[in-house]
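Structure first, then comments.
The values are calculated or read from the model by the stated rules, or taken from the named source; none is laboratory data. Fair warning: this is a prediction, and the values are worked out from it, not measured in the lab. A quick note on method: Cβ atoms are made from the backbone with ideal geometry, for glycine too, and the neighbour counts reach across all protein chains shown. Note: areas computed on protein heavy atoms with side chains; ligands, DNA, RNA excluded. Shrake-Rupley method; radii C 1.70, N 1.55, O 1.52, S 1.80 Å.
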Amino acid sequence: MSASGGTKAIVAALLANLSIAVAKFVAFVFSGSSSMLAESVHSLADSGNQGLLLLGGKRAQRAATPQHPFGYGRERYIYAFLVSIVLFSVGGMFALYEGYEKIKHPHEIEHWYWPVGVLVFAIIAETFSFRTAIKESNALRGKKSWREFVRHAKAPELPVVLLEDLGALVGLILALGGVGLALLTGDGVWDGIGTLCIGVLLILIALVLAAETKSLLLGEAAGPEAEQRIEAAIAAGETVTGVIHMRTLHLGPEELLVAAKIAVRHDGTAGEIASAIDAAEARIREAVPIARVIYLEPDIYSETEAAKGPDREASPGGPSTPPDAH
């Protein structure tokens, strides 16, 4: 997995979650707090999720085979989708069940200093993990808002770690609030309510992750800026006069397929057109380095076909506005 996959952020989150999971479980054993049990399962599920992300990144590096000619880059999307399932089932549903049981059968929290101390420690550890994820993400998101970054990032690992760490921090605050109210009032129901809130939070985050990774699994095109650079690179030569229509598809976070029908001069020879296509491919790879699989089909621009409609995808002859030269 490349640096853009956020390996540093994943490892930081894994180490933090493993240590926090052990501490929370010890606190649950001594205090009987359901919030602590839910949070320990949450941290354990998060640790497994980071392991899945690392495994997906490793498997995605396998070389292409005859059966999988475009490689295994999408394995990173598959494992990110599995993360959302684990977060929903193991984390969210378990917390809802535990919260319901605690509200139905409440009991006082014993040895209050255990859950409170562990929660404070966990908040500090998760803050460092979240800070690492933010730092790694800032190097990639540029001027995008955080919402845009999560929605449009092609590498799934950093958005997953960001949302997990954010959910962990909010969950810890909810757990601390539930434990605190239970201690102040002497009513263990508040501990159960805090646990229910944690479950709802985890399920919401899991649904967001599932929706975003589903889109990546189905296949997303390159971003508008990348497509503009590709089109400009194609049309920069003399023989190629423009793009009739083009489609792009991410084969993985760092591998892009480009398929385009390009307009060429009607008086060009076969040799000139072949050389022009080779040159256009070289320009595309220079403009967008992750464009590794490129198929360019030459055609003669047709005003008659273009006049059938403005939809460049539906008109095989080309866009309604002809290129500068044809």
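For this structure, a couple of remarks:
- Where a residue in the range 101-126 is under 10 Å from Lys24 (Cα atoms) and in contact (Cβ under 8 Å) with a residue 40 or more places away in the chain and its partner, wherever it lies, is part of a loop (DSSP other than H, G, I, E, B) and of a type in the set (Gly, Ala, Ser), with Cβ under 8 Å and at least six apart: Pro115/Ser33
- Taken over the range 252-302, the criterion of being closer than 28 Å to Pro156 by Cα, in contact (Cβ under 8 Å) with a residue 60 or more places away in the chain and open to solvent by less than 20 Å² (accessible area, probe 1.4 Å) is satisfied by Gly252, Pro253, Val288, Ala291.
- Sub-8 Å Cβ pairs linking a first residue in the range 186-202 that is farther than 12 Å from Glu101 by Cβ to a second residue that is open to solvent by 10 Å² or more (accessible area, probe 1.4 Å) and in a loop (DSSP other than H, G, I, E, B), at least 6 apart or interchain, are Gly186/Glu108; Asp187/Pro106, ordered by first then second residue.
- Screening Tyr97 on (1) aromatic (Phe, Trp, Tyr); (2) buried (at least 16 other Cβ atoms within 10 Å of the Cβ); (3) at pLDDT 85 or above shows it passes everything except condition (2).
- When every residue of the range 70-92 is checked against the conditions, at least one turns out to be open to solvent by less than 60 Å² (accessible area, probe 1.4 Å) and without any contact (Cβ under 8 Å) to a residue 12 or more places away in the chain.
Residue-wise test of (1) open to solvent by 80 Å² or more (accessible area, probe 1.4 Å); (2) of a type in the set (Asp, Glu); (3) modelled with pLDDT of 85 or more; (4) part of a helix (DSSP H, G or I).
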site: His107; (1), (2), (3), (4): yes, no, no, no
site: Glu110; (1), (2), (3), (4): yes, yes, no, no
site: Val116; (1), (2), (3), (4): no, no, yes, yes
site: Leu140; (1), (2), (3), (4): yes, no, no, yes
site: Val160; (1), (2), (3), (4): no, no, yes, yes
site: Gly167; (1), (2), (3), (4): no, no, yes, yes
site: Ile173; (1), (2), (3), (4): yes, no, yes, yes
site: Val179; (1), (2), (3), (4): no, no, yes, yes
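- Test: residue in the range 224-247 that is under 17 Å from Glu75 (Cα atoms) and either more than 15 Å from the chain's Cα centre (by Cα) or at pLDDT below 90 (or both): no
- Residue list for the range 189-206, filter: over 23 Å from Ile85 (Cβ atoms) and either within 33 Å of the chain's Cα centre (by Cα) or crowded, with 23+ Cβ neighbours inside 10 Å (or both): Trp190, Asp191, Gly192, Ile193, Gly194
- In the range 55-69, residue farthest from Leu256 (Cα to Cα) [restricted to those that are among the aliphatic types (A, V, I, L, M) and open to solvent by 40 Å² or more (accessible area, probe 1.4 Å)]: Leu55
- Among the residues making up the range 219-251, a single one is charged (D, E, K, R), farther than 24 Å from Pro69 by Cβ and touching a residue at least 40 places away in the same chain (Cβ under 8 Å): Arg229.
- From the options Val161, Val189, residue that is within 30 Å of Tyr72 (Cα to Cα), out of contact with any strand residue (DSSP E or B) (no Cβ under 8 Å at 6 or more places or on another chain) and among the β-branched types (Val, Ile, Thr): Val161
- If the condition is being open to solvent by less than 50 Å² (accessible area, probe 1.4 Å), within 30 Å of Glu254 (Cβ to Cβ) and in contact (Cβ under 8 Å) with a residue 60 or more places away in the chain, then the range 8-42 contributes Ala9, Ile10, Ala12, Ala13, Ala16, Asn17.
- Condition broken by Lys214, with the remaining ones in (1) under 26 Å from the mean Cα position of the chain (by Cα); (2) farther than 30 Å from Lys58 by Cβ satisfied: (2)
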